[in-house]
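Rule-based calculations on the coordinates, nothing more; no lab input. All of these numbers come straight from a predicted model, not from anything done at the bench. Please note: Cβ atoms are built from the backbone with ideal geometry, for glycine as well, and neighbour counts cover all protein chains shown.
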Amino acid sequence: MKFILFANTDWYLYNFRLSTARELQARGVDVVMVSPPGEFGQRFAQHGVRWIPLRMQRASLNPLREAGTLANLVSLLRDERPDLLHSFTLKCAVYGALAARAAKVPAYVNAVTGLGYVFASQRAKARALRPVVSTLMRLALGSERSRVILQNPDDAQAFHSLRLAPPQHIRMIRSSGVDIARFNADGRGSRGEGALRVLLAARLLKEKGVQEFVDASAQLRAEGRDIHFLLAGMPDEGNPSSVTRSDVEAWQAQGLVRWLGHVDDMPALLRDVDVMALPSYYREGVPKSLIEAAACSIALVTTDLPGCREVVTRDGHDGLHVEPRSAASLARVLARLDDDRALLQSLGERARQKALADFDERVVIRRTCEVYDELLPRPLAEAA
């Protein structure tokens, strides 16, 4: 049996779906990763997973180029003849489903991890694309041979109200999961002294609240507070909402943030962080940075918006909420944690408890395999 996992970056597949691939291998499945070329693709070989690069421009709107991408994907599927295609992110879900139909792939699963730029942004370009993308989604996702996986109830409601997929084909699995053995509180003591260290780890998109994070740093610095702001992640050149490298370099030169770029060893970084901040005003799925930080007993600060509210469910209990698009609100909350280290500690402890209960990747992978079993002629074998 062969499965293909298809996403718009090799980085996503390597960081978020390698554990799924390894579990499938343990169940006797031949797993192939497909994505546009990138620096992570070659790493799959270390884990015995084959990777095939596919030419694809994420931000392209050129009809001829997009038709070429779709044709190449159809050709790849016909050559590989998988039993199941699992596509991740909105564009890949649509293209994957259309290509799977054309190539007569027996089953396909479409994971939409947040509705993304087209549905989140109010820019003219996004509004113009919305009806086109909605029509394509209805066409692509309606087959009896397919399922749609969403990560939060808000997206499920949006899919229902916009009639993007048949309700009976939608399954909800909260997040891509976190390895709770790798991400843990080992080596972390009480952070009752010293400068507060606040991290934002994400693709550097404006909708993630990056500018508000920087502005909060400037405000707290002007107040004389010694709070260290760390920024992990890279500009996303394929996304029109990305901040630029020159922006980030300027913020670092002004002393507002310390830019870490891409971080391979996130557990090591999180052992020396007090707060994970994600002031997103974006339709998230369930943000990976929040659940990884929660597993490490780190206090969480985020907005009460789709995806984020799945992790911080109650303000003051498992994290703190801030107002969207408000650097002042973020600054107030961080000042509060700077002054109240007991609250900092208790929020981190309850975040870890929630991660153990709701975001263990073993549960996520098991539930994903159950979705596969709905479409396969015979259930997957249990892992040895």
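If each residue of separation counts as 0.36 nm, what is the full-extension length gain between Ser346 and Arg325 once their alpha-carbon separation is subtracted?
Working: separation 21, 0.36 × 21 = 7.56 nm, distance 2.65 nm.
Separation in residues times 0.36 nm, less the Cα-Cα distance, equals 4.9 nm.
Separation of region 306-332 and region 137-205, taken as the distance between their Cα centroids, equals 16 angstrom. Extent of the chain along its three principal axes (Cα atoms, max minus min coordinate, largest first): 63, 50, 39 Å.
Would you please give the FRET efficiency between Glu39 and Ala71, computed as 1/(1 + (r/R0)^6) with r the Cβ-Cβ distance and R0 = 25 Å, to the nearest 0.05? Could you put the intermediate results ahead of the total?
Working: r = 26 Å, r/R0 = 1.05.
Approximately 0.45, to the nearest 0.05.
Straightening the chain between Asp186 and Arg378 buys 65.0 nm, computed as 0.36 nm per residue apart minus the Cα-Cα spacing. Placing a pseudo-label 7 Å from each Cα along the Cα-to-Cβ vector at Arg163 and Asp247 gives an inter-label distance of 3.7 nm.
Within the shell of other residues whose beta carbon sits under 14 angstrom from the beta carbon of Leu136, the net charge comes to +4, with Lys and Arg scored +1 and Asp and Glu -1. Note on the chain: Lys pairs 8 or more places apart or on different chains, Cα atoms under 25 Å apart, count 13.
Model label points for Arg81 and Lys2, set 7 angstrom from Cα along the Cα-to-Cβ axis, are 0.8 nm apart.
In loop segments of region 30-102 as defined by DSSP, the GluC sites (Glu not before Pro) with at most 13 further C-beta atoms inside 10 Å of their C-beta are Glu39. In this simple spin-label approximation, Arg123 and Ala357 carry label points 7 Å from Cα along the Cα→Cβ vector, and these lie 3.9 nm apart.
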